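Input: a single structure, listed below in structure tokens.
The values are calculated or read from the model by the stated rules, or taken from the named source; none is laboratory data. If you're wondering where the values come from, they're calculated on a predicted model, not measured in any experiment. Please note: Cβ atoms are built from the backbone with ideal geometry, for glycine as well, and neighbour counts cover all protein chains shown.
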Amino acid sequence: MNSSSPAPLLQAATGGLGTRRPDDPELVAWIDDSIALCRPEQVFYCDGSDAEDEFLLAEACRLGVLTRLDPQKLPGCYYHRSAQNDVARVEQLTFICTPTAEQAGPTNHWTEPGEMRSKLRGMFAGSMRGRTMFVVPYLMGPPGSPLAKVGVELTDSIYVVLNMRKVTRMGETALRHLQQLRRLRLNDAIKSDFPLFNRGLHSMLDLDPARRFICHFPQDNEILSVGSGYGGNVLLGKKCFSLRVGSYLAQSQGWMAEHMLLLAAESPEGEQHYIAAAFPSACGKTNFAMMIPPARFAGWKIRTIGDDIAWMQPGPDGRLWAVNPESGYFGVIPGTNSGTNPNAVATISRDTIYTNVALLEDEGDVWWEGKDGPVPARCADWRGEPWTPELGTKAAHPNSRFTSPMRNNPALAPEADEARGVPISAIIFGGRRGDTVPLVYQSRDWTHGVFLGATMASETTAAAAGAVGQVRRDPMAMLPFCGYHMGDYFAHWLEMANGLEQPPLIFGVNWFRRDTAGKFLWPGFGENMRVLKWIIDRCEGRADGNETAIGIVPRREDFDLAGMTDFSEENFRRLTTVDAAEWNRELDAQGELFASLGAHLPAELAAEREQLRQRLLVPAADGSPSDDAVELLSP
Ligand code: OXD
Ligand code: MN
């Protein structure tokens with residue numbers, strides 16, 4: 001059941017499934033060129049219907065790509081194992097192909113577009129011989145939204161098709177949107193000649209990592225992906241289009257494409273706030289977006305709009321409005337249980353594709369580290385090998401995933417389908433940091449908030465191939481996803497303030513601070529509601545904070561700890577301490593990224609860094625030298 005199995009052909013479908021060619025001339029011409037290049041045996045045109053989904057799921061089982069799980073326990077759920085060398089995004093094989101290297105900037109891998117195209121054309125030539133090419137039109141964003149965009153992915157992976165159907169609005173909806181765009185262009189209402197839809201061509205080839213490349217041509221609205229069958233490398237609507245190409249489009253068109261969850265928070269009094277939060281991959285965005293507040297916050301409702309990506313633009317009212325371009329979740333699964341994320345547990349109980357978790361003996365159910373219930377005495381691990389707890393290895397891959405439609409989420413906000421989106425009160429930047437960064441702090445203003453996001457760092461996780469646990473700069477959680485020069489991206493953030501009369505307030509958070517024994521100081525998950533409450537109170541001007549060198553941290557009196565029996569006042573003090581020695585080290589560590597951006601680094605951000613340096617020099621209120629571990633109050 002893995003994507004490296006040969007990809008034999010589909011059986012003939014009934015009722016004309018797979019046969020309806022789109023009629024957009026530009027789309028048809030590109031499909032025909034791609035067919036001539038890849039030479040598939042069959043072409044299957046997806047319409048996104050339920051009948052099609054049923055047919056393709058059955059075919060994926062017949063072809064050994066999926067295993068159906070027990071329909072009583074897990075209705076509509078399927079199991080998939082990827083190739084063992086293909087389990088995460090591959091940042092070192094991900095390229096931004098702009099005419100000059102400078103346009104891609106120092107944080108991206110770059111190759112000249114002509115050179116990359118001819119190399120990849122060589123790989124695509126004949127790549128789908130004996131295989132099926134699926135034509136997958138998809139819409140990113142709620143139908144009717146001015147931010148919604150069309151992409152079409154041509155792929156030889158049935159697994160990709162079935163996942164894309166869950167995480168995007170796939171099929172006829174997308175073609176209808178394209179038709180409208182075409183009409184507007186013919187009427188001259190869309191003046192640019194920029195391609196109206198994103199062209200994504202994907203072939204697994206033979207899943208050889210030596211021939212694996214994920215390449216973006218932002219200026220041509222095009223993506224070419226070869227040699228992988230996994231996640232963000234191949235579900236082209238997600239990271240590739242919505243973030244890497246999306247961020248380039250956003251910069252040139254005056255909007256924002258961000259690696260952010262979106263949630264709605266409603267107080268018992270009916271006050272409504274919408275929050276966007278950027279965290280690096282596998283740092284708890286899904287958990288935060290689906291959070292259930294603790295008993296202390298009875299009457300509060302947290303609803304999910306999105307768990308990974310936000311597209312945002314200034315509205316006519318001067319606020320920042322956001323939509324979630326996706327319609328489903330491709331979430332990290334280990335650690336998911338009814339304590340950490342009950343809404344995710346409900347979401348994945350049906351209509352879900354499980355990838356690279358462990359398979360229980362009767363093959364009807366799955367398991368992962370941190371799942372509710374007992375650890376199984378034996379199962380097959382994510383590789384298909386017999387596993388027992390004594391082995392001491394992980395049965396599920398640390399980057400194993402669930403793919404579920406958002407409609408399954410009991411906490412889904414109805415606004416997730418709202419074409420105009422939601423107005424954002426606050427933006428949160430969060431990393432995974434064992435030290436230095438307090439539980440929560442607020443920037444002084446938009447520019448300082450951009451500095452806060454731009455200098456964010458986090459420990460690496462299993463979401464990308466490579467070492468885990470190393471602190472790296474991950475500006476705005478966009479290091480792997482920004483499709484152009486990072487310095488220009490910062491400048492774009494600064495410019496966005498010009499269109500915003502009521503810009504969101506900007507905060508930093510860190511759920512992962514540890515004590516000297518390495519134990520987490522903050523319980524996280526539902527308790528993060530307390531942090532959210534302080535943030536909302538700040539938005540409403542109801543809570544005070546202490547001014548420190550790095551921003552405003554909560555005062556104890558304004559932060560609700562009631563009902564946290566195991567949590568000490570001392571922990572709160574440690575969590576909100578701004579340690580001058582640590583922050584001086586942080587300041588130095590920021591220097592490398594800033595220096596690499598050269599003349600593209602906005603002067604405002606260099607000035608913010610200098611001001612931070614100056615503030616860190618101010619001795620603490622008791623006159624002790626500033627490089628001791630003291631809380632730095634502003635003069
Ligand atoms: C994801 C990621 O899959 O960020 O969302 O890697
Ligand atoms: Mn992500």
Among the residues of the range 460-482, the number that are within 16 Å of ligand 2 (Cβ to nearest atom), assigned to a strand (DSSP E or B) and crowded, with 19+ Cβ neighbours inside 10 Å is 1
Scanning the range 262-285 residue by residue, those within 16 Å of ligand 2 (Cβ to nearest atom) and either at pLDDT below 95 or of a type in the set (Asp, Glu) (or both) turn out to be Pro280, Ser281, Ala282, Cys283, Gly284, Lys285
ask   = Is it fair to say Thr436 is under 23 Å from Lys533 (Cα atoms) and either part of a loop (DSSP other than H, G, I, E, B) or touching a residue at least 24 places away in the same chain (Cβ under 8 Å) (or both)?
value = yes
Of those in the range 217-227 that are closer than 24 Å to Gly105 by Cβ and not in a strand (DSSP E or B), the residue nearest to ligand 2 (Cβ to nearest atom) is Pro218
Picked from the range 221-241 (must be of a type in the set (D, E, K, R) and within 11 Å of ligand 1 (Cβ to nearest atom)), the residue surrounded by the most Cβ atoms within 10 Å (Cβ to Cβ) is Lys239
Selection over the range 298-341 where residues are away from ligand 1 (no atom under 16 Å from the Cβ), aromatic (Phe, Trp, Tyr) and either under 17 Å from Ile427 (Cβ atoms) or outside the structural domain of Phe429 (by TED's automatic domain parsing) (or both) yields a count of 1
Are any of the residues in the range 302-315 surrounded by fewer than 24 Cβ atoms within 10 Å (Cβ to Cβ) and of a type in the set (Val, Ile, Thr)? yes
Considering only strands (runs of 3 or more DSSP E) wholly within the range 1-108, the ones with at least 2 residues that are farther than 24 Å from Ile214 by Cα and in the same structural domain as Lys238 (by TED's automatic domain parsing) are none
Being crowded, with 20+ Cβ neighbours inside 10 Å, away from ligand 1 (no atom under 16 Å from the Cβ), of a type in the set (Lys, Arg) and at negative phi narrows Arg514, Arg530 down to just Arg530
Please work out if Gly551 is assigned by TED's automatic domain parsing to the domain that holds Phe507, touching a Gly at 6+ places or on another chain (Cβ under 9 Å) and small (Gly, Ala, Ser). yes
Residue check for Ala346: among the small types (Gly, Ala, Ser) and under 25 Å from the mean Cα position of the chain (by Cα): yes
Among Glu385, Glu369, Glu363, Glu390, the single one that is modelled with pLDDT under 95 and surrounded by fewer than 19 Cβ atoms within 10 Å (Cβ to Cβ) is Glu363
- Inspect all residues belonging to the range 156-167 and state whether any of them is more than 23 Å from Pro142 (Cα to Cα) and touching a Gly at 6+ places or on another chain (Cβ under 7 Å). yes
Every listed condition ((1) away from ligand 2 (no atom under 16 Å from the Cβ); (2) touching a strand residue (DSSP E or B) at 6+ places or on another chain (Cβ under 7 Å); (3) within 27 Å of Gly499 (Cα to Cα)) holds for Asp308 save (1)
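Quick grid of which residues meet (1) away from ligand 1 (no atom under 16 Å from the Cβ); (2) part of a strand (DSSP E or B):
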{"position": "Ala250", "(1), (2)": "yes, no"}
{"position": "Leu262", "(1), (2)": "no, yes"}
{"position": "Ala265", "(1), (2)": "yes, yes"}
{"position": "Gly270", "(1), (2)": "yes, no"}
{"position": "Ile275", "(1), (2)": "yes, yes"}
{"position": "Ser281", "(1), (2)": "no, no"}
{"position": "Phe288", "(1), (2)": "no, no"}
{"position": "Ile292", "(1), (2)": "yes, no"}
{"position": "Arg296", "(1), (2)": "yes, no"}
